[in-house]
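Comments concern the structure below.
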Amino acid sequence: RQAQYRRLRNKPSVTKDGVEVTLQMNAGLLVDLPHLAEAGAAGVGLFRTELQFMVASSFPRLHEQQAQYTQILDAAGDKPVTFRSLDVGGDKVLPYLRSIQEENPAMGWRALRLGLDRPGLLRTQIRALLLAAAGRDLKLMFPMVAEVNEFLKARSLVEKELKHLRRHKHEVPDKIRLGVMIEVPSLLFQLPELLQHVDFVSVGSNDLFQFMYAADRGNTRVSDRFDTLGLGFMRALKRIVDATNRAHVPVTLCGELAGQPLAAMALLGLGFRDLSMSPASLGPVKAMVRSLDAGRLAARLQPRLAPGHRDQDIRQFLVQFAEEM
Ligand code: PEP
Ligand code: MG
């Protein structure tokens, strides 16, 4: 198997009926970057910046952050990297950041919420990213956005930092694209407004599922209780694909679902064309992509999502389809 996947590394990720699929990888530290070439990923679809903060014993300073982002971009070379701003707080505790006891940390003071309330932290990170990406492209997305306004506030911090750097004659990125992670269900009902403002979106299916089903992703009693390939979640994801297509906004999915071949197949059937996953999943997912008739799958899967369809056991259908394939 391993050898088979290695042979696939430089093969195009195109379905049997000619649909091109972009397969990217998730990363969080510099040591992950060699996997880009080894696994044949098209880019880093999710760079979890909090890892550097979690392994440090004190808050990484501006120049330390900048050095890390520079190394990441250098290691990625021509391949794009999508950085995610700090997603700490809640259960991801930084020993040196005073934290408060919370009853529901996942739904608590974390990620962009913390960033907007402590703009000094977020602005330092943004400045480090802008400096590291000077003369090249910067792609940055914000986690745990629940309202469009939060993105607008984050964007204005980026604009402030940009202005500051220009005033001090620093070189800045050639191009900046700002996006949002769709991982709080409230965003599903604000897509038209959100998509007017963002350059791209990325679905964080781990959190989106946890919040949609009110099932703690870290609690095995409930985390496997509901089916990620069930009707409710499939419809939610379809809504995102349709809205982003209509608005011509690029969409990626970077949660664990993307790395499971059966689920990745479902995502392609819904219309996703860009997936980001852990490096080890790239081979198996690419093998699936290359053996798939995406048009046929879409034609058979999508009607099942319509209200009143007599057979709405999506997982069973997918398993059967995969076996036939
Ligand atoms: C997600 O929520 O799906 C995601 C990709 O982010 P994380 O797993 O880091 O919360
Ligand atoms: Mg998340």
**OP:** Residue by residue through the range 256-293, note down the ones that are within 16 Å of ligand 2 (Cβ to nearest atom) and touching a Lys or Arg at 6+ places or on another chain (Cβ under 6 Å).
**Re:** none
Original post:
Tell me, which helices (runs of 4 or more DSSP H) wholly within the range 256-306 include 1 or more residues that are buried (at least 17 other Cβ atoms within 10 Å of the Cβ) and out of contact with any helix residue (DSSP H, G or I) (no Cβ under 6 Å at 6 or more places or on another chain)?
Top reply: 261-270, 282-290
Original post:
Restricting the first residue to the range 44-59 and requiring it to be without any contact (Cβ under 8 Å) to a residue 40 or more places away in the chain, which pairs with a second residue that is in a strand (DSSP E or B) and basic (Lys, Arg) meet a Cβ separation below 8 Å and a spacing of at least six or different chains?
Top reply: PHE47/ARG84; ARG48/ARG84
Original post:
Can you find even one residue in the range 195-218 that is within 16 Å of ligand 1 (Cβ to nearest atom), farther than 21 Å from ALA106 by Cβ, modelled with pLDDT of 95 or more and in contact with a helix residue (DSSP H, G or I) (Cβ under 7 Å, 6 or more places away or on another chain)?
Top reply: no
Original post:
If you scan the range 109-131, which residues turn out to be assigned to a loop (DSSP other than H, G, I, E, B) and either of a type in the set (A, V, I, L, M) or under 23 Å from GLN210 (Cα atoms) (or both)?
Top reply: TRP109
Subject >> Complete set of residues in the range 2-57 that are of a type outside the set (A, V, I, L, M, F, W, C), over 24 Å from GLY255 (Cβ atoms) and assigned to a loop (DSSP other than H, G, I, E, B) >> reply: ASN10, LYS11, PRO12, LYS16, ASP17, GLY18, SER57
**OP:** Evaluate the range 5-28: report whether one residue or more is within 13 Å of ligand 1 (Cβ to nearest atom), touching a Pro at 6+ places or on another chain (Cβ under 7 Å) and touching a residue at least 40 places away in the same chain (Cβ under 8 Å).
**Re:** yes
Original post:
Can you name the number of the only condition in (1) within 30 Å of MET325 (Cα to Cα); (2) within 15 Å of ligand 1 (Cβ to nearest atom); (3) among the β-branched types (Val, Ile, Thr) that ILE182 fails?
Top reply: (1)
Subject >> Residue match in the range 275-287 (condition: free of Cβ contacts under 8 Å to residues at least 60 places away in the same chain, farther than 17 Å from GLY230 by Cα and among the small types (Gly, Ala, Ser)) >> reply: yes
**OP:** Output yes when any residue across the range 77-93 is hydrophobic (A, V, I, L, M, F, W, C), part of a helix (DSSP H, G or I) and out of contact with any strand residue (DSSP E or B) (no Cβ under 9 Å at 6 or more places or on another chain), and no when none is.
**Re:** no
**OP:** Check ALA154, ALA134, ALA106 and return the single one that is at pLDDT 95 or above and assigned to a helix (DSSP H, G or I).
**Re:** ALA154
Original post:
Taking ASN149, is it polar (S, T, N, Q), assigned to a helix (DSSP H, G or I) and without any contact (Cβ under 8 Å) to a residue 24 or more places away in the chain?
Top reply: yes
Subject >> Every residue from the range 184-212 that is surrounded by 17 or more Cβ atoms within 10 Å (Cβ to Cβ) and of a type in the set (Gly, Ala, Ser) >> reply: SER202, GLY204, SER205
**OP:** Name the residue, out of THR220, THR228, that is out of contact with any Phe, Trp or Tyr (no Cβ under 9 Å at 6 or more places or on another chain) and among the hydroxyl-bearing types (Ser, Thr, Tyr).
**Re:** THR220
Original post:
Only one of LEU114, LEU140, LEU122, LEU162 is surrounded by 22 or more Cβ atoms within 10 Å (Cβ to Cβ), farther than 20 Å from GLN196 by Cβ and not acidic (Asp, Glu); which?
Top reply: LEU122
Original post:
Filter the range 58-75 for residues that are part of a helix (DSSP H, G or I) and of a type in the set (Gly, Ala, Ser); which is farthest from ASP137 (Cα to Cα)?
Top reply: ALA67
Original post:
Of the residues that make up the range 230-252, is at least one assigned to a loop (DSSP other than H, G, I, E, B), in contact with a strand residue (DSSP E or B) (Cβ under 8 Å, 6 or more places away or on another chain) and not charged (D, E, K, R)?
Top reply: yes
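The values are calculated or read from the model by the stated rules, or taken from the named source; none is laboratory data. Treat the numbers as computed from the prediction; the structure is a model and nothing was measured. Ideal geometry is used to build each Cβ from the backbone, glycine not excepted, and the neighbour counts take in all protein chains shown.
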